[in-house]
1. Within the range 63-72, track down each residue that is free of Cβ contacts under 8 Å to residues at least 24 places away in the same chain and either open to solvent by less than 20 Å² (accessible area, probe 1.4 Å) or within 9 Å of the chain's Cα centre (by Cα) (or both).
2. If only one of THR256, THR185 is modelled with pLDDT under 95 and out of contact with any Gly (no Cβ under 7 Å at 6 or more places or on another chain), which one is it?
3. Which ones in the range 33-62 are open to solvent by less than 30 Å² (accessible area, probe 1.4 Å) and part of a helix (DSSP H, G or I)?
4. So for the range 106-114 (the condition being modelled with pLDDT of 85 or more, acidic (Asp, Glu) and under 23 Å from the mean Cα position of the chain (by Cα)), does at least one residue qualify?
5. Which pairs do you get when a residue that is open to solvent by less than 40 Å² (accessible area, probe 1.4 Å), found in the range 233-250, comes within reach of a residue that is assigned to a helix (DSSP H, G or I) and of a type in the set (Gly, Ala, Ser), reach meaning Cβ atoms under 7 angstrom, with the pair 6+ apart or on two chains?
6. Please find, among GLU79, GLU35, the residue that is closer than 20 Å to PRO158 by Cα and either of a type in the set (A, V, I, L, M) or at pLDDT 90 or above (or both).
7. How about the range 162-188: which of its residues are polar (S, T, N, Q) and either assigned to a loop (DSSP other than H, G, I, E, B) or touching a Cys at 6+ places or on another chain (Cβ under 8 Å) (or both)?
8. Working only within the range 188-205, note down all residues that are among the hydroxyl-bearing types (Ser, Thr, Tyr) and at pLDDT 95 or above.
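The values are calculated or read from the model by the stated rules, or taken from the named source; none is laboratory data. Here the structure is a predicted model, which is why all the values come from computation and not from measurement. Methodologically, a virtual Cβ is constructed for each residue, glycine included, from the backbone with ideal geometry; neighbour enumeration extends over all protein chains shown. We work out accessible area using only protein heavy atoms, side chains counted, and drop any ligands, DNA or RNA first. Shrake-Rupley method; radii C 1.70, N 1.55, O 1.52, S 1.80 Å.
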Amino acid sequence: IFFFNFIYVKDFQNMSQIDQNIKLLEDGTLLTQQEIELFSIVREICSQFNPPVIARAAGGWVRDKLLGTPSDDLDIAVENTTGLSFAEKLKSYLSTNSEDKDSTAKIVIIEANPEQSKHLQTARVCLFNKFWVDICGLRSETYATDSRIPNQIKQGTPLEDAQRRDFTINALFFNINSNKLEDYTNGVHDLKAGILRTPLDPEISFGDDPLRVLRAFRFSSRLNFKLDDSLIPAARKISTEFRRKIARERIETELTKALEVSKEPYKLIEY
């Protein structure tokens, strides 16, 4: 009885903490000063487009904020424009309005690199001399049967962009324009429950990009999350695609990264 009460209290505390962090994120309390300044500028840039652009912080940054973990890995997904167009307007705005001319933005274009799970060109912007932000447009992807490289990438909706991501906990958005959390795949529920789940059927998600199998093991052991019951059977079913699509060197890189960040390496090795 004590054991189950302990588990219930622990889960309840985790749920309450995430609910509290959602409120703190939306009222700005969880934001650093640099993030506050950046989001204010981003909202100004959004209004300069016609039609206006909607900008969202995406992925791991949102997840970590809700978990109460510091994060400097900020990705911004923009709707109604491209990441490069937005980054160029951002740079122009800062060069015109910044009092410190040394703090103007620097833009680096990151070309598509499927071996690093980067399937679309991204604009990486350096702000305030050392604060890096990746900016990319919302997108949807379709995959060929013999490659983890998308054979078609097009502008997508927030739902399509969320569904193409690896796991629901990494598919959360923070709408910078409205200061509201957006959850299209029940990621908040899975964060509270401590469950790792794919936005789409795992056979589809893993079949598109089999490297997500190893990423599932990495996030599970890093965050101490339980794998959804459907993931291991799906991983077994796509084992042929895994061997065909994933290079040995990419497997080594992913496993090394997983061991470096794992809180429970034995769980990773067991998987």
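1. Residue satisfying the conditions is ASP64 alone.
2. After applying the criteria, what remains is THR256.
3. GLU35, LEU38, PHE39, ILE41, VAL42, ILE45, CYS46, GLY60, TRP61, VAL62
4. No, there is no match, as no residue in the range 106-114 is modelled with pLDDT of 85 or more, acidic (Asp, Glu) and under 23 Å from the mean Cα position of the chain (by Cα).
5. Listed pairs, sorted by first residue: ILE238/GLY207.
6. Just a single option satisfies the conditions, and that option is GLU79.
7. Answer for the range 162-188, where residues must be polar (S, T, N, Q) and either assigned to a loop (DSSP other than H, G, I, E, B) or touching a Cys at 6+ places or on another chain (Cβ under 8 Å) (or both): ASN177, SER178, ASN179, THR185, ASN186.
8. THR198
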